[in-house]
Amino acid sequence: FDNILGAVNYYYDVPGTLRNKGATVYIASLNPSQTTEFRGEELIQQMQQWAAADKVSKFNLIGHSHGGPTVRYVAGTMPQMVASVSTMAGTHFGSKVADVVLAGYTDGGGFDQVATAGLKLISWLTGNKTTKDTDLTAALGALSSEGSAVFNAKFPAAAPTTPCGQGPEVASVRGNQIRWYSFSGTAVKTNGWDISDLILAGTAKYFGDEANDGLVGRCSSHWGKVIRDDYPWNHLDQINQVLGTIGKDAPDPVAFYVQHATRLKNAGL
């Protein structure tokens, strides 16, 4: 989403900073809990509207978490509209958290109803127009290891060529050349004042000894050229949340996105 109640950006302080430095930035509003395909179609509709209004021919897509596979869906479906795909902690090979939660409750149970209600509230607060379609079960299926494997078979462009390896920086989809980048962090508890760290510390236990950011494993985040997969950020630090309370000695996420925008510009995108 762009913001909650017009106040708090999802990518906190990032869009405004990029715009101040001359970038054109569009923020999609996607259902927070649906299949990758559902969310991808929402994004395509909004991109078509932006393209028509501003005469934009191609977009550089950046997706965080489930946004990673979502922007890959767009690149695989409408490649003529995509110049590059960049993913931060993308759930490309699923999340063990989704696997555990999906296996741990019966569809329609109390947890499902409470969680879905919370997600619908988030969707409503951020102005998403498909709030009524929020479906936790559908989202968990898409974010599971099994669901991700099915999705990857349909959209394989730029997939890693070895286990926990990386894919090509440039890969074509139906004759359209697209650049692909991925990034992620492997920290969990990074700021004692950030209450979200406690939640991520709990979910991180599902990964055992595997490096992770609290919700996504390091290897699962790999797609295309892996720029770096061990930033000292957890899953929310990567988007400068909550309200910029990242680790004391961690790199500034806002500066990271400016740097990446410069990388894309220097690549002629």
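The values are calculated or read from the model by the stated rules, or taken from the named source; none is laboratory data. Keep in mind it's a predicted model, so treat the numbers as computed, not measured. Note that we place each Cβ from the backbone using ideal geometry, even for glycine, and neighbour counts take in every protein chain shown. Please note that ligands, DNA and RNA were not included when accessible areas were found on the heavy atoms of the full protein model with its side chains. Shrake-Rupley method; radii C 1.70, N 1.55, O 1.52, S 1.80 Å.
What residues from the range 73-92 fall in the zone where the backbone N is under 12 Å from a label point 7 Å along the Cα-to-C-beta line of R174?
74-82
Using a 1.4 Å probe, how large is the accessible area of K154, given in Å² and rounded to the nearest 10?
Here the residue's solvent-accessible area equals roughly 130 Å².
Number of Lys-Lys pairs in the chain under 19 Å by Cα, sequence gap 8 or more or different chains?
Close lysine pairs found across the chain: 10.
Keeping all protein chains in place, calculate the accessible area per residue for the range 174-269 (probe 1.4 angstrom), answer in Å².
Per residue, the range 174-269 has an accessible area of 48 Å².
Can you list residues whose amide H is under 5 Å from T186's amide H, if they're 5+ apart or on another chain and H is modeled 1.01 Å from N?
Y231, W233
Whenever you get a sec, compute what percent of the accessible area on the range 1-73 sits on carbon and sulfur atoms (1.4 Å probe).
Of the solvent-accessible surface of the range 1-73, carbon and sulfur hold 49 percent.
Using the beta-carbon distance between A153 and Q259 and R0 = 41 Å, what value does 1/(1 + (r/R0)^6) give for FRET efficiency, to the nearest 0.05?
It comes to 0.80.
Given a 1.4 Å probe and every protein chain left where it sits, what share in percent of the accessible area of the range 192-269 is carbon and sulfur?
The value for the range 192-269 is 57 percent carbon and sulfur by accessible area.
Find how much the distance from A53 to L198 grows on full extension, using 0.36 nm per residue of separation minus their present alpha carbon separation; answer in nm with one decimal.
My answer for the length gained is 47.9 nm.
Grab the beta carbon distance between N266 and R19, set R0 = 22 Å, and tell me the FRET efficiency rounded to 0.05.
0.70
So who's got an amide H within less than 5 Å of the one on I178, skipping anything under 5 residues away but keeping other chains? H placed 1.01 Å off N, in plane.
A171, S172, V173
With Rg and Dmax of the Cα atoms in Å in mind, check (1) 17.5, 51; (2) 23.4, 74; (3) 19.2, 60 and report the label derived from this structure.
(1)
Taking only C-alpha pairs under 8 Å that are 6+ residues apart, what is the relative contact order of the range 149-269 in percent?
Relative contact order, the range 149-269: 26 percent.
Within the chain, what percent of beta bridges assigned by DSSP are antiparallel, to the nearest 5?
30 percent
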